[in-house]
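Colleague: If you scroll down you'll find the structure; I have some questions about it.
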Amino acid sequence: MESTFLHVANHGRPAEIARSTNLLSTKKTDFPLSLSLSLSLGFVCKVTNAMTAFATAAALSLPNSLFRSSKLNCKKGVRGGFGVFAVLGEEGGLLDKKSTWGPLFDVEDPRSKMPKFKGKFLDFYQALEVARYDIQYCDWRARQDLLTIMILHEKVVEVLNPLARDYKSIGTMKKELAELQDELAQAHRQVHISEARVATALDKLAYMEELVNDRLLQDRNQAEPDPESPSPSTSTQSLDTVKRKSPRKNLNVSGPVQPYHPRLKNFWYPVAFSTDLKDDTMVPIDCFEESWVLFRGKDGKPGCVRNTCAHRACPLHLGSVNDGRIQCPYHGWEYSTDGKCEKMPSTRLLDVKLKSLPCFEQEGMIWIWPGSDPPAASLPSLQPPPGFQVHAEIVMELPVEHGLLLDNLLDLAHAPFTHTSTFAKGWTVPSLVKFLTPASGLQGYWDPYPIDMEFRPPCMVLSTIGISKPGKLEGQSTRECTTHLHQLHVCLPSSRQKTRLLYRMSLDFAAVLKHIPFMHYLWRHFAEQVLNEDLRLVLGQQERMINGANVWNWPVSYDKLGVRYRLWRDAVERGAKQLPFEKST
């Protein structure tokens, strides 16, 4: 008898219950009054794993039911079924005799409410509804399984506690315990089946939700087309043919940063704000490991030449601009915006020319084309949406590789943990963060934060933030908010471990702030505070990446836009004929 009881109790009952088994081998009637309590505590340990399936399903407030449940013939006294108190009838419902826990688990069988759809194929919304009924069915099924185990617990207490039963022989008790052990084992097998069903239903729901989100985003974009000023909220994007969810794509971004591939240079890159380039000033920049200098020619148009004098390799930006030519401070040689040396004091003029880059000015920014291919005919627009006024333009040099900085800017889920002393101070941590985007595209919007975001090749991030209350950035979409902040981040790859960041901030409210003296110093101070919160983390990433760690080990759902940027960049460097996620033409 002792060994039988120990086998029943070997799944985590407290040790004192096992020690009490010797009482069963006697005919004494003065069993400890604490035995029933000990059994109850022990059984709580026993059903902890069973609660996993129930808690998973019960926590979901979604309806569901695609799985075909088997009809269980579990009449009272039939071994091998759920038959202790005839918990389940022919249709799987609770019968009249219930335990004290019954009301907690008395949930209506959802199978009768399962939606009926005609035809072989379901649309997005029908498929989502079916998947949601799956979850509701799994919730109901898990409740039934757990209730069965708890009723078995009640039966064990009744058998073992002399205060809750008539006196029985040792043989009768052994037989009853053996039957209960079989029923308990079968109940646990059913719980494992329910757990598997819950996992399958959740995967199916996540897939259906992704399809519906794509359709919702498409409908949202088509509802407000604005071809003249595309933005993350309004740009029209067609959906590709939706295919079944592919396995998780592994990204390997580790080791020292390799030299930039020449193909990555074949884009227009914004390198400076127009307001920073006066007629008599120069702006030195580094781009793809090469040094350049910007200045304006006689006609006022900008030029970009190599920042190295042809004579003795002196940095030209240490000199001055004279009559539309940049003058070397060493021997006075002067160069025009196309790189030609037009003046050589104290010697005969030689035919000398510096390398120059195609340079263009548009919408308040200076652009260059560092690649070897012919420049594209048009430049992308980085203007804020209509109704916004630019309040700040800031340039910073940051000691991180530009891809790591882009990864950081394309991720909003880190804000409640990283920016706790600046813009995200007081933010609550959502239970789920999503980035909703079409099947083909590099833009979308965040949920639950009212922020639209877009990656604009080759190195720009645009975002529009809806501001409902100061410090509260959740609960509404950007369209529902009355005031907005628009941001532009340009991450120019200066070198393999340095980025030139151009930041532009625009508002559609508080226009008076533009006229407050020294306001731009306040904006810069705030921008530096936010960046410093990120930099200490990204610098740590970079150090570990250089030493071999992969900074993209486990992409999750809210990493979607960052992953797409990495896939786009990889396709560019591989020379893919069709780049992924680009707008169809």
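Colleague: Restricting to the stretch 387-441, give me the number of residues that are part of a loop (DSSP other than H, G, I, E, B), of a type in the set (S, T, N, Q) and surrounded by 20 or more Cβ atoms within 10 Å (Cβ to Cβ).
Modeller: Of the residues in the stretch 387-441, 1 are part of a loop (DSSP other than H, G, I, E, B), of a type in the set (S, T, N, Q) and surrounded by 20 or more Cβ atoms within 10 Å (Cβ to Cβ).
Colleague: From the residues in the stretch 255-275 that are touching a helix residue (DSSP H, G or I) at 6+ places or on another chain (Cβ under 6 Å) and either assigned to a loop (DSSP other than H, G, I, E, B) or within 16 Å of I394 (Cα to Cα) (or both), which one is modelled with the lowest pLDDT?
Modeller: The selected residue is P256.
Colleague: Of these, G426, G403, G371, which one is of a type in the set (G, A, S) and either touching a His at 6+ places or on another chain (Cβ under 7 Å) or more than 24 Å from L537 (Cβ to Cβ) (or both)?
Modeller: G371
Colleague: Then there is this: Touching a helix residue (DSSP H, G or I) at 6+ places or on another chain (Cβ under 9 Å), under 27 Å from F288 (Cβ atoms), part of a strand (DSSP E or B) and not charged (D, E, K, R) - does that describe any residue in the stretch 463-484?
Modeller: yes
Colleague: Here's something else I'd like to know. Give the residue that is farthest from R500 (Cα to Cα), with candidates limited to residues of the stretch 284-308 that are open to solvent by less than 40 Å² (accessible area, probe 1.4 Å) and without any contact (Cβ under 8 Å) to a residue 40 or more places away in the chain. Outline the logic, then answer.
Modeller: Quick first cut of the stretch 284-308, residues open to solvent by less than 40 Å² (accessible area, probe 1.4 Å) only: 285, 287-288, 292-297, 300, 302-305, 307.
Next, from what is left, pick out any that are without any contact (Cβ under 8 Å) to a residue 40 or more places away in the chain: 293, 300, 307.
Working: V293: 14, G300: 24, N307: 16 Å.
In this case the residue turns out to be G300.
Colleague: Select from the stretch 535-585 the residues that are free of Cβ contacts under 8 Å to residues at least 60 places away in the same chain and of a type in the set (S, T, N, Q) and list them in ascending order.
Modeller: Listed by number, the residues that qualify are N547, N553, Q578, T585.
Colleague: Given the criterion touching a Gly at 6+ places or on another chain (Cβ under 6 Å) and within 29 Å of S494 (Cα to Cα), identify the matching residue among D338, D411.
Modeller: Details: D338 fails: touching a Gly at 6+ places or on another chain (Cβ under 6 Å).
Within the list D338, D411, the selection yields D411.
Colleague: Looking at V321, is it among the β-branched types (V, I, T) and under 45 Å from the mean Cα position of the chain (by Cα)? Outline the logic, then answer.
Modeller: Values: among the β-branched types (V, I, T): yes; under 45 Å from the mean Cα position of the chain (by Cα): no.
Here the answer is no, as V321 does not meet what is asked.
Colleague: When the stretch 318-359 is examined, which residues are found to be surrounded by 16 or more Cβ atoms within 10 Å (Cβ to Cβ) and of a type in the set (F, W, Y)?
Modeller: Correct list: W333, Y335.
Colleague: Same structure again: For the stretch 522-532, does any single residue satisfy the condition of being under 30 Å from T482 (Cβ atoms), assigned to a loop (DSSP other than H, G, I, E, B) and over 25 Å from the mean Cα position of the chain (by Cα)? Lay out the reasoning, then the answer.
Modeller: Quick first cut of the stretch 522-532, residues under 30 Å from T482 (Cβ atoms) only: 522-531.
Next, only the ones that are assigned to a loop (DSSP other than H, G, I, E, B) stay: none.
No, every residue in the stretch 522-532 fails to be under 30 Å from T482 (Cβ atoms), assigned to a loop (DSSP other than H, G, I, E, B) and over 25 Å from the mean Cα position of the chain (by Cα).
Colleague: If you go through the stretch 498-507 one residue at a time, do you hit one that is open to solvent by less than 70 Å² (accessible area, probe 1.4 Å), part of a loop (DSSP other than H, G, I, E, B) and in contact with a Leu (Cβ under 6 Å, 6 or more places away or on another chain)?
Modeller: No: the stretch 498-507 contains no residue that is open to solvent by less than 70 Å² (accessible area, probe 1.4 Å), part of a loop (DSSP other than H, G, I, E, B) and in contact with a Leu (Cβ under 6 Å, 6 or more places away or on another chain).
Colleague: In the set K278, K298, which member is of a type in the set (D, E, K, R), under 44 Å from the mean Cα position of the chain (by Cα) and part of a loop (DSSP other than H, G, I, E, B)? Before the answer, list the steps.
Modeller: Values: K298 fails: under 44 Å from the mean Cα position of the chain (by Cα).
The match here is K278.
The values are calculated or read from the model by the stated rules, or taken from the named source; none is laboratory data. Note that the coordinates shown come from a computational prediction; the quantities given were computed from them, not determined experimentally. With ideal geometry, Cβ positions are generated from the backbone for all residues, glycine too; neighbour counts draw on all protein chains shown. Remember, those area values only see protein heavy atoms, side chains included, never the ligands or the DNA or RNA. Shrake-Rupley method; radii C 1.70, N 1.55, O 1.52, S 1.80 Å.
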